[in-house]
Amino acid sequence: QKEVEQNSGPLSVPEGAIASLNCTYSDRGSQSFFWYRQYSGKSPELIMSIYSNGDKEDGRFTAQLNKASQYVSLLIRDSQPSDSATYLCAVNGGGYSTLTFGKGTMLLVSP
Amino acid sequence: EADIYQTPRYLVIGTGKKITLECSQTMGHDKMYWYQQDPGMELHLIHYSYGVNSTEKGDLSSESTVSRIRTEHFPLTLESARPSHTSQYLCASSERTVGELFFGEGSRLTVL
């Protein structure tokens, strides 16, 4: 059974701070990794994907991947109240395998 | 903005009724998916399709069925709804990469 683990939170940070969201996965053969943002009552939307070890930056978001440690993280710089949402980590085993989601971490950014 | 549509958005029905949740996308994506999500819980894959006339069951045991007769349409049917089917159902599609999903707005089903 493939598992993706996230701390459910809430993670509370003040506006302007760096929010760090973490995710671990059980399937060592996993190939691709994704972060989705889900606002309350809304559907998930893709914000980052990462496929190789290291960092990937997109605006205020940085995804970090360490396959040896089976660990992926998302950093949000200069956090804004509009970043308050649940962040879902998702992992794919490659090929025609399907996506496995974690339960998500709720992030609260206070003004 | 993704062009994937789900109807109905909200549905309250009685036990034993047959229901079909509709999902359509205008992006020409071959891959389509149905996920179930309960509050505070992870998304569970219940069905997926990688093209016309191709359907597979997902990780979550489900009493629902799907069909894929046209690329753009991927309906989900419950033959006899039960209170345990009460949940949010999310339809998604992707073009190439399995992980890069576009989600519809969801169908919230309540079975009394």
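Looking across the range B:24-60 at every residue that is out of contact with any strand residue (DSSP E or B) (no Cβ under 7 Å at 6 or more places or on another chain) and closer than 20 Å to A:VAL91 by Cα, the one that is surrounded by the most Cβ atoms within 10 Å (Cβ to Cβ) is identified as B:MET41.
Screening the range B:88-112 for residues that are surrounded by fewer than 20 Cβ atoms within 10 Å (Cβ to Cβ) and among the hydroxyl-bearing types (Ser, Thr, Tyr) and picking the one that is nearest to B:THR7 (Cα to Cα) gives B:THR110. All conditions but one from (1) among the hydroxyl-bearing types (Ser, Thr, Tyr); (2) free of Cβ contacts under 8 Å to residues at least 40 places away in the same chain; (3) buried (at least 19 other Cβ atoms within 10 Å of the Cβ) apply to A:THR105; the one that does not is (2). Sub-6 Å Cβ pairs linking a first residue in the range B:84-112 that is within 12 Å of another protein chain (Cβ to nearest Cβ) to a second residue that is among the hydrophobic types (A, V, I, L, M, F, W, C) and in a loop (DSSP other than H, G, I, E, B), at least 6 apart or interchain, are B:ALA92/B:LEU101; B:SER94/B:LEU101; B:PHE102/B:ALA2, ordered by first then second residue.
Under the condition of being in contact with a helix residue (DSSP H, G or I) (Cβ under 8 Å, 6 or more places away or on another chain) and free of Cβ contacts under 8 Å to residues at least 60 places away in the same chain, the residues counted in the range B:4-39 number 0. In the range A:15-44, which residues are surrounded by fewer than 16 Cβ atoms within 10 Å (Cβ to Cβ), modelled with pLDDT of 95 or more and over 18 Å from A:ASN66 (Cβ atoms)? Selection gives A:GLU15, A:GLY16, A:ALA17, A:ILE18, A:TYR39. Annotation: A:SER12 fulfils all but one of (1) among the hydroxyl-bearing types (Ser, Thr, Tyr); (2) in contact with a Leu (Cβ under 9 Å, 6 or more places away or on another chain); (3) assigned to a loop (DSSP other than H, G, I, E, B); (4) exposed (fewer than 15 other Cβ atoms within 10 Å of the Cβ); the unmet one is (3).
Can you list the strands (runs of 3 or more DSSP E) found entirely within the range A:49-111 that contain at least 1 residues being at pLDDT 95 or above and more than 14 Å from chain B (Cβ to nearest Cβ)?
Because the criterion is at least 1 residues that are at pLDDT 95 or above and more than 14 Å from chain B (Cβ to nearest Cβ), the strands (runs of 3 or more DSSP E) in the range A:49-111 that meet it are A:54-58, A:61-66, A:71-76, A:105-110.
The values are calculated or read from the model by the stated rules, or taken from the named source; none is laboratory data. All values derive from a computational prediction rather than experimental measurement. Glycine also receives a Cβ, built like all others from the backbone with ideal geometry; neighbour counts cover every protein chain displayed.
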